[in-house]
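The values are calculated or read from the model by the stated rules, or taken from the named source; none is laboratory data. Since the model is a prediction, treat every value here as computed from it, not as a measurement. Ideal geometry is used to build each Cβ from the backbone, glycine not excepted, and the neighbour counts take in all protein chains shown. With ligands, DNA and RNA removed, areas are computed over all heavy atoms of the protein, side chains included. Shrake-Rupley method; radii C 1.70, N 1.55, O 1.52, S 1.80 Å.
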Amino acid sequence: MSAENSATGAGPGTAPLVPLHCLRAMEPGPPRLAALMTGTPVWLVSRHADVRQVLTDPRLNRAALHAPGAPPLKLIPNILDDPQSILNIDGAEHQRLRRTVQRAFTPRAIARWRPWVASVVESLIDELIDRGSPADIVAGYTRRLPIAVISRLMGLDHLDGKRLGHWSDHALSTTAFTAEEIRAALREFTAFGAEVIAERRADPGEDLVSSLLAAAAEDGTITEPQLVALVVGLVVAGHETTMTSLGNALVYLLEDGRDAWRRLASDEASAAAATEQLLRAVPLGDAVDHNPGLLRRTVEDVEIGGVAIPSGSVVAAVTNAANHDPEVFTGDLVTELFSPLAAPLLTFGAGPHHCLGAWLARTELELALHRLARRLPALRLDEPVEGIDWRRGLVTRSPNTLRVAW
């Protein structure tokens, strides 16, 4: 039986959740031992400098998490545990895989897409206005924008958004679905990725999948399962973070951040600064036992923050705590929303596994917030925050629906 109803909605008997910007981050301090839901010991690393070390030090990696004899990490694995994924490959092999796609996601490459992304934003706002107030801004805007962008980038213009949502929710499930439901959805998703690759081989285009295949053919060492995993992973990562961040940003801005709405409309530079602060301060999900942070495993003894951590240990980089480290970041969103960051945010990770799509997500968020505030200066929530229907039981958390009016 599916756990979808209890995991993705606020149905009867389900306690209401606070917005993510209201969550109290773990107090940063020296690494400390805790345990995953599986009982596996995990070192929680929470200070900004220490988290950066975990994510950049080659003595900690992802592949060791899934090596033979590695301790169990999750009660129910999801797409993040695929050993063929670029996420779980390190060293030279990781760099080869990364090179096949990273040219499409450089700041210069994304800048070429900016006018088109802006046109999509404006079209979606037009449709939102035409449908009238009140409206569900998730269905009409925060979900549709990133799906439209990644679909165009990958040449998947006819991809069914509901189908993609089904696959993505299962792929990133922690407690929302059973193991069999996740396996079934990932089999469908993998078959879809294989079909897309076959189609592009037969009829290459100017899209990211075609360039990926050309780069892989030139390299000659990338396997078919790795190619499929890349395509599937890009589809998920290409929309999930932006959808989540945009929905949660609007919850903050239309509730506790109302005073900032007019300034967001004033210029794109203000929206760019606000985007950085929102990405830093508003986590993508709940930091709980089954999702404590970005996991790594030590491949030799290492000292982090003055604490000796033995080889073979599982380490969690708690990025939300690091993004609120008072030794680095002062003030809060109310006072700092339009200020430059005091240090790099860690929401997208750091080091070799830094998120490939970080600049694309930034561009979408900047334009989405700026244009929406400019077009709808009177936008407001049309429901109490306590009544928001949240997506639950996933790695990320954002509104399922969000009623707004203007």
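Explain nothing, just compute: Karplus ³J(HN,Hα) = 6.51 cos²θ - 1.76 cosθ + 1.60, θ = phi - 60°, for every residue of the stretch 355-368 in order, whole Hz, x for Gly and Pro.
Result, rounded to whole Hz: 3, 4, x, 4, 6, 5, 4, 4, 4, 4, 5, 4, 5, 4.
Note down the magnitude of the dipole of the chain about its Cα centre, charges +1 on Lys and Arg C-beta and -1 on Asp and Glu C-beta and zero elsewhere, to the nearest 20 debye.
Working: 39 positive and 49 negative charges, 76 e Å.
Using Cβ point charges on Lys, Arg, Asp and Glu, the chain gives about 360 debye.
Let me check against my output: what whole-number percent is the relative contact order of the chain, with C-alpha pairs under 8 Å and at least 6 apart? Mind dumping the intermediate values first?
Working: 649 pairs, mean separation 126.4, N = 406.
The normalised contact order for the chain reaches 31 percent.
Match the structure shown to one of the listed values [x] 276; [y] 148; [z] 138 of volume of the Cα convex hull per residue in Å³, computed from it, and give that label.
Of the labelled values, this structure produces [z].
Taking a probe of 1.4 angstrom, what is the accessible area of W116 in Å², to the nearest 10?
W116 has an accessible surface of roughly 60 Å² with all protein chains in place.
Can you list the GluC sites (Glu not before Pro) in the stretch 322-377 that are in a DSSP coil and have 16 or fewer other beta carbons within 10 angstrom?
Values: sites: E327, E336, E364, E366; in loops: E327.
Here the GluC sites (Glu not before Pro) that fit, given the DSSP loop and packing criteria, are E327.
Hey, rough spin-label estimate for D157 and V334, points 7 angstrom out along Cα→Cβ, what's it come to in nanometres?
So the two model labels end up 4.8 nm from each other.
Working out 0.36 nm times the residue gap between A202 and D256, then minus their Cα-Cα distance, what length gain in nm do you get to one decimal? Provide the component values of the computation, followed by the final result.
On the way: separation 54, 0.36 × 54 = 19.44 nm, distance 5.18 nm.
The span from A202 to D256 would gain 14.3 nm if fully extended.
Within the stretch 266-323, report the GluC sites (Glu not before Pro) that DSSP leaves as loop and that have at most 11 other Cβ atoms within 10 Å. Before the final figure, lay out each step's value.
Numbers: sites: E268, E276, E300, E303; in loops: E300.
The qualifying sites are E300.
Using only protein heavy atoms and a 1.4 Å probe, report how much of T221 is accessible, in Å² to the nearest 10.
80 Å²
Can you give me the distance in nm between label points at A405 and A34, each placed 7 Å from the Cα along the Cα-to-Cβ direction?
Placing both labels 7 Å beyond Cα along the Cβ direction yields 4.0 nm.
If r is the Cβ-Cβ distance from S123 to R183 and R0 is 45 Å, what FRET efficiency results, to the nearest 0.05?
Values: r = 37 Å, r/R0 = 0.83.
Approximately 0.75, to the nearest 0.05.
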